[in-house]
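Structure record follows, encoded as structure tokens.
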Amino acid sequence: MTEKNAEEQRLATEDNYKNWKRWGPYLAERQWGTVREDYSVNGHAWDFVDHDKARSNAYRWGEEGIGGFCDSREILCMAPAFWNGKDTILKERLFGLTNGEGNHGEDVKELYFHQVSTPTHSYNKYLYKYPQKKFPYADLVKKNKSRNREQPEYEIRIQRPLRTILILIAL
């Protein structure tokens, strides 16, 4: 019988809410893009909460954040907030379009990458690229709304300078 390495030993823990399985990147990146709660008057949940309104919402069934981390029951949630000095809001969540705003349906319009993680999440690496110019919220909505399904999506362009934010979590 071979000896288990440290990561295999952590994974062998029976209780999911103990030790190594208790914390991880379980936080949704875009909670408002998923319809779990419909508080609209007319039953149009997909159009009810856009990115702008999401800033004012507290969710009953989940939270969100860029490169977020939380316990397995999502009771304590942590995620960084960013500001490039040009935007009118703190950057706390990924920007995306609702189904009605995008020409190919709902879509996140950000540059982010999950790079590596151990199975127990004792080590995580996440890369987020945030423009140092004003984020083009209105431009992305306007241009995607004006396109039809046959046209390609209008995406955020990689313009210099982009601030590369590397989020490392090592326990």
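Taking amide hydrogens as placed 1.01 Å from N in the peptide plane, the amide H of Ile89 sits under 5 Å from that of no residue at least 5 positions away in sequence or on another chain. By the compact-protein rule of thumb, 2.2 N^0.38 Å, the alpha-carbon radius of gyration of the range 37-139 corresponds to a ratio of 1.20.
What the phi angles of the range 126-140 give under the Karplus curve with 6.51, -1.76 and 1.60, with θ = phi - 60°, is a coupling list of 9, 10, 10, 10, 10, x, 8, 7, 4, 5, x, 3, 4, 4, 5 Hz, glycine and proline written as x. Every Cα-Cα pair of the range 85-146 was included, and the share exceeding 18 Å stands at 50 percent.
Mind giving me the FRET efficiency for Cys77 and Gln151? R0 is 35 Å, r the Cβ-Cβ distance, nearest 0.05 is fine. Walk me through the intermediate numbers first.
On the way: r = 37 Å, r/R0 = 1.07.
Result of the calculation: an efficiency of 0.40.
Show me the ranking of peptides 95-101, 82-88 by mean Cβ neighbours inside 10 Å, starting with the highest. Let's see the in-between values first.
Working: 95-101: 18.4, 82-88: 11.6.
My ranking of the peptides, most packed first, is 95-101, 82-88.
For Lys145, the solvent-accessible surface computed with a 1.4 Å probe is close to 120 Å², ligands and nucleic acids excluded.
What's the local net charge at Ala79, with K and R +1, D and E -1, over the other residues with C-beta under 15 Å away? Please report the intermediate quantities before stating the final value.
Numbers: positive: Arg30, Arg55, Lys91, Arg93; negative: Glu29, Glu63, Glu64, Asp71, Glu74, Glu92, Glu110.
With Lys, Arg at +1 and Asp, Glu at -1, the neighbours total -3.
The values are calculated or read from the model by the stated rules, or taken from the named source; none is laboratory data. Everything numeric in this text was worked out from a predicted model, so none of it was measured. Heads up, the Cβs are rebuilt from the backbone with ideal geometry, glycines too, and the neighbour counts pull from every protein chain shown. Just so you know, the surface numbers come from the protein's heavy atoms only, side chains and all, with ligands and any DNA or RNA stripped out. Shrake-Rupley method; radii C 1.70, N 1.55, O 1.52, S 1.80 Å.
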